[in-house]
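Novice: Sharing a structure with you now.
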Amino acid sequence: MNKTILITGGAGFIGSHVVRLFVNKYPDYQIINLDKLTYAGNLENLSDVDKKPNYTFVKGDIVDAAFIEGLFTKYQFDGIIHLAAESHVDRSITDPMAFINTNVLGTVHLLNAAKEQWKGNFEGKRFYHISTDEVYGALGDTGFFTEETSYDPKSPYSASKASSDHFVRAYKNTYKLPIVVSNCSNNYGPNQFPEKLLPLAINNIKNKKPIPIYGKGENIRDWLYVEDHASAIDLIYHKAANGKTYNIGGHNEWTNIALIKLLCKVMDKKLGCEAGESEKLITYVTDRAGHDLRYAIDASLIEKELGWKPSLTFEIGLEKTVDWYLDHQEWMDRIVSGAYTDYYTKMYHNR
Ligand code: NAD
Ligand code: TYD
């Protein structure tokens, strides 16, 4: 059966990997990528798939309810995979309203549009909301987030994502909307906007600029290669029972400082520098306000029920990631110069 699937936020980091996977793996599906192209949206991430017959890009804002209604009427979606979000914790500290608008209001507009379009006829329909482990708050030195962990978000970003998760589940409870949710740990890999730790550090090391480490660098994150997240999303979209939540993580915890020291070693080798050269760039800076100490995911449910597990060790994933950024210097330069925003005008002006 042909399916028409809306992927929101497909020009962003994770969304672009999900769009690529679905467009290539499911030629019978029509994939509609809806993205506002904020600073974080970069259509150059999808230049390899944007001419495929089963792919359509639509520029638009999920906060615009009338536009969303019209889009649902036009395409009659079978499924929604919702990734569009404001995603950077530091930005949420300076501008929380942008997070409330996109992450909360935008999500509710999509839920309303799906409810209106499907009108209680949910056969073959699915609303898949992509969320984060940050909704669970912060862990101490031990323990893991499971699907049963109570929500305790601590930043404006995680509070907005937690709120959207609650709305998605409320629409299941109230209107029987067929939803699934997943909460994933920190992703790394190609195409990540260089405001996030790893691409920022890779770019700074390449340019011999300081690597800013917040506080003492003792905060811990659980890192997952972005294509492994995309493969989990594919599995959950197709195989999860309605109403389910799955946690997704890499069993791969690193303090920020240990992670950056490992990255420095890899960069020394790749750049042909003397051992220890890149580490000299590490610079401790003022800590993030309310900086969550530790995130760590227990991913045993998705492993047991859906047979998913990460495909890469971190050492291999990190090396692949460094290679990608070094091989795509032009991608990075166009972000730094702002030129990446021209792509839409160039490619889509007459469509
Ligand atoms: P990103 O910031 O790279 O991409 C977000 C995309 O959403 C961009 O293309 C942006 O243009 C688009 N967008 C933003 N506001 C929009 C709006 N109002 N209307 C339409 N499009 C809009 O983010 P990402 O890192 O790829 O994260 C994608 C999703 O995955 C988010 O929901 C995030 O909360 C979640 N997530 C991210 C991580 C991570 O480590 N990056 C981990 C777990 C979950
Ligand atoms: P980030 O990539 O922003 O993801 P998140 O805050 O969603 O986990 O940051 C990862 C970790 O790295 C987090 O503990 C904050 C820290 N960090 C730095 O130490 N320096 C930086 O320049 C950045 C961007 C992050």
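The values are calculated or read from the model by the stated rules, or taken from the named source; none is laboratory data. Predicted, not measured: the structure shown is a model, and the values here were computed from it. Quick reminder, even Gly has a Cβ in these numbers, built from the backbone with ideal geometry, and neighbours come from all protein chains shown. For the accessible areas, the whole protein counts, side chains as well, though only heavy atoms, and no ligand, DNA or RNA atoms are used. Shrake-Rupley method; radii C 1.70, N 1.55, O 1.52, S 1.80 Å.
Novice: List, please: which pairs have Cβ atoms under 6 Å, are six or more places apart or on different chains, and start with a residue in region 158-183 that is in contact (Cβ under 8 Å) with a residue 40 or more places away in the chain and end with one that is hydrophobic (A, V, I, L, M, F, W, C) and within 16 Å of ligand 2 (Cβ to nearest atom)?
Specialist: Ser158/Val135; Ser160/Phe99; Lys161/Val135; Ser182/Ile248
Novice: Confirm whether Leu224 is surrounded by 20 or more Cβ atoms within 10 Å (Cβ to Cβ) and of a type outside the set (Asp, Glu).
Specialist: Answer is yes for this residue.
Novice: Could you please let me know if Thr174 is of a type in the set (S, T, N, Q) and in a loop (DSSP other than H, G, I, E, B)?
Specialist: In short, no.
Novice: Here's a follow-up. Among the listed residues Glu218, Glu148, which satisfies the condition of being open to solvent by 10 Å² or more (accessible area, probe 1.4 Å), at pLDDT 95 or above and either hydrophobic (A, V, I, L, M, F, W, C) or within 28 Å of Lys320 (Cβ to Cβ) (or both)?
Specialist: Going through Glu218, Glu148 in turn, the sole match is Glu218.
Novice: Examine region 273-294 for a residue that is at pLDDT 95 or above, part of a loop (DSSP other than H, G, I, E, B) and open to solvent by less than 30 Å² (accessible area, probe 1.4 Å), and state whether such a residue exists.
Specialist: Yes.
Novice: Under 9 Å between Cβ atoms, which residue pairs at least 6 apart in sequence (or on different chains) link something in region 123-142 that is on the phi > 0 side of the Ramachandran plot with a partner that is assigned to a helix (DSSP H, G or I) and of a type outside the set (Asp, Glu)?
Specialist: Gly137/Ser158
Novice: Confirm whether Leu200 is buried (at least 18 other Cβ atoms within 10 Å of the Cβ), of a type outside the set (Gly, Ala, Ser) and out of contact with any Cys (no Cβ under 9 Å at 6 or more places or on another chain).
Specialist: Answer is no for this residue.
Novice: Got a sec? Which of Lys36, Lys52 is among the basic types (Lys, Arg) and under 28 Å from Asn101 (Cα atoms)?
Specialist: Lys36
Novice: Sort through Tyr171, Tyr225, Tyr246, Tyr237 and tell me the only one that's aromatic (Phe, Trp, Tyr) and either closer than 17 Å to Met332 by Cβ or more than 16 Å from ligand 1 (Cβ to nearest atom) (or both).
Specialist: Tyr171
Novice: Further question on the same structure: Enumerate the pairs (first residue in region 288-300 and under 11 Å from Asn183 (Cα atoms); second residue anywhere and within 13 Å of ligand 2 (Cβ to nearest atom) and acidic (Asp, Glu)) with beta-carbon separation below 7 Å, excluding pairs fewer than 6 apart on the same chain, so at least 6 apart or on different chains.
Specialist: Partner pairs satisfying both residue conditions: Ile297/Asp133; Ile297/Asp222.
Novice: Among the residues of region 66-73, are any hydroxyl-bearing (Ser, Thr, Tyr) and either farther than 19 Å from Phe13 by Cα or more than 16 Å from ligand 2 (Cβ to nearest atom) (or both)?
Specialist: Yes - at least one qualifying residue is present in region 66-73.
Novice: Counting residues that are among the acidic types (Asp, Glu), which helices (runs of 4 or more DSSP H) fully inside region 308-351 reach at least 2?
Specialist: 314-327, 329-337
Novice: Then there's this: Name the residues in region 92-102 that are touching a residue at least 60 places away in the same chain (Cβ under 8 Å) and either touching a Cys at 6+ places or on another chain (Cβ under 6 Å) or surrounded by fewer than 20 Cβ atoms within 10 Å (Cβ to Cβ) (or both), would you?
Specialist: Residues satisfying the conditions are Ile93, Pro96, Ile100.
Novice: Can you name every residue in region 1-25 that is assigned to a helix (DSSP H, G or I), open to solvent by less than 10 Å² (accessible area, probe 1.4 Å) and within 11 Å of Leu83 (Cα to Cα)?
Specialist: Gly15, Ser16, Val18, Val19
Novice: Report, by residue number, each residue of region 129-173 that is touching a Pro at 6+ places or on another chain (Cβ under 9 Å) and among the basic types (Lys, Arg).
Specialist: Scanning region 129-173 gives Lys161, Lys172.
Novice: Within region 253-272, count every residue that is charged (D, E, K, R) and open to solvent by less than 60 Å² (accessible area, probe 1.4 Å).
Specialist: Summing the residues that are charged (D, E, K, R) and open to solvent by less than 60 Å² (accessible area, probe 1.4 Å) in region 253-272 gives 1.
Novice: Next up: Could you go through region 162-179 and let me know if any residue there is surrounded by fewer than 22 Cβ atoms within 10 Å (Cβ to Cβ), within 20 Å of His291 (Cα to Cα) and at pLDDT 95 or above.
Specialist: Checked against the condition, which is being surrounded by fewer than 22 Cβ atoms within 10 Å (Cβ to Cβ), within 20 Å of His291 (Cα to Cα) and at pLDDT 95 or above, region 162-179 yields at least one hit.
Novice: Can you tell me how many residues within region 228-252 are more than 16 Å from ligand 2 (Cβ to nearest atom) and either over 21 Å from Leu301 (Cβ atoms) or open to solvent by less than 20 Å² (accessible area, probe 1.4 Å) (or both)?
Specialist: Adding up the residues that qualify gives 9.
Novice: Continuing with the same structure: Filter region 26-54 down to the residues that are in a loop (DSSP other than H, G, I, E, B) and either within 16 Å of ligand 2 (Cβ to nearest atom) or among the polar types (S, T, N, Q) (or both), then identify the one that is farthest from Leu197 (Cα to Cα).
Specialist: For region 26-54, the residue satisfying everything is Asn54.
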